[in-house]
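The values are calculated or read from the model by the stated rules, or taken from the named source; none is laboratory data. The model shown is predicted, which means the values in this text are computed figures rather than measured ones. Ideal geometry is used to build each Cβ from the backbone, glycine not excepted, and the neighbour counts take in all protein chains shown.
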């Protein structure tokens, strides 16, 4: 399985000029790190520009979020079909910031997961615990609840067309990083949960880590047996750093 690297945390950052420059620098640098599969998820308004820049390359286009509804009176929302119009193949659902800042609960995240697949997009389901939950010793219960919320409504087979990203909330944008062993423990748990439903899917699904991934810690993280890549945050806003992470994965 090729390592899967998602430049997925551009968030509400950048401009038309800076995003174009970043994408071009990544494309040029990836010539020497072609053993990885790379996905970029720019803000909605730059999807068309990014799609044009990626045309003919091996880099995949994705989106940062999707509406749970197909269409209708949902001002400001973007449907899966709209993302398909821009050649998106993946979409992130359940990112910790969507859960915390916009009060998206497990039920809504599950609906977004299904909406993505209905539009033939591959959802990247984000799961993770807060610092308070980790300190209470409920990390495993939280992760299992978030996975179960999706499998209960979509079925375990749906994970055959998805990826899962573990993003410990306490390690996002804080400079803290889960140790490779801590990250591996949760990835092993996730794979085990999926294996209980379907062993074949568990072996094939990509489980990626997102929590202050940097060039300095990438190699150690990606050596763990159940970590198949990274959902890269702030480090993906700097081409040289992101390419170094890609090289570590390869």
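If I go through region 152-167 residue by residue, how many of them are surrounded by 14 or more Cβ atoms within 10 Å (Cβ to Cβ) and not in a helix (DSSP H, G or I)?
Count: 6.
Starting from residues that are exposed (fewer than 13 other Cβ atoms within 10 Å of the Cβ) and touching a helix residue (DSSP H, G or I) at 6+ places or on another chain (Cβ under 8 Å), keep the ones in region 23-34 and report whichever is modelled with the lowest pLDDT.
Of the residues in region 23-34, the ones exposed (fewer than 13 other Cβ atoms within 10 Å of the Cβ) are 24, 28, 31-32, 34.
Applying the additional criterion that residues be touching a helix residue (DSSP H, G or I) at 6+ places or on another chain (Cβ under 8 Å) yields 24, 32.
On the way: 24: 95, 32: 55.
Filtering first and then ranking leaves 32.
Could you list all residues from region 181-213 that are assigned to a loop (DSSP other than H, G, I, E, B), crowded, with 19+ Cβ neighbours inside 10 Å and modelled with pLDDT of 95 or more?
Of region 181-213, the ones assigned to a loop (DSSP other than H, G, I, E, B) are 198, 205, 210-213.
When the remaining residues are screened for being crowded, with 19+ Cβ neighbours inside 10 Å, the result is 205, 210-213.
Answer for region 181-213, where residues must be assigned to a loop (DSSP other than H, G, I, E, B), crowded, with 19+ Cβ neighbours inside 10 Å and modelled with pLDDT of 95 or more: just 205.
Taking the conditions exactly as written (surrounded by 15 or more Cβ atoms within 10 Å (Cβ to Cβ), in contact with a strand residue (DSSP E or B) (Cβ under 9 Å, 6 or more places away or on another chain) and assigned to a helix (DSSP H, G or I)), does residue 178 satisfy them or not?
Details: surrounded by 15 or more Cβ atoms within 10 Å (Cβ to Cβ): yes; in contact with a strand residue (DSSP E or B) (Cβ under 9 Å, 6 or more places away or on another chain): yes; assigned to a helix (DSSP H, G or I): no.
Spelling it out, it is not the case that residue 178 is surrounded by 15 or more Cβ atoms within 10 Å (Cβ to Cβ), in contact with a strand residue (DSSP E or B) (Cβ under 9 Å, 6 or more places away or on another chain) and assigned to a helix (DSSP H, G or I).
Tell me, which helices (runs of 4 or more DSSP H) lie completely within region 22-141 with 2 or more residues that are farther than 24 Å from residue 188 by Cα and out of contact with any strand residue (DSSP E or B) (no Cβ under 6 Å at 6 or more places or on another chain)? Steps first, please.
Numbers: elements: 47-54, 80-85, 96-101, 106-118, 131-135.
So the answer is 47-54, 80-85, 96-101, 106-118.
Quick one: how many residues across region 225-250 are out of contact with any strand residue (DSSP E or B) (no Cβ under 8 Å at 6 or more places or on another chain), more than 20 Å from residue 41 (Cβ to Cβ) and either at pLDDT 95 or above or outside any helix (DSSP H, G or I) (or both)?
Selection size over region 225-250: 2.
Pick out the one residue from 153, 169 that is out of contact with any strand residue (DSSP E or B) (no Cβ under 6 Å at 6 or more places or on another chain), modelled with pLDDT under 95 and within 22 Å of residue 66 (Cα to Cα). Quick ask: steps written out before the conclusion?
Numbers: 153 fails: modelled with pLDDT under 95.
Checking each option against the conditions leaves just 169.
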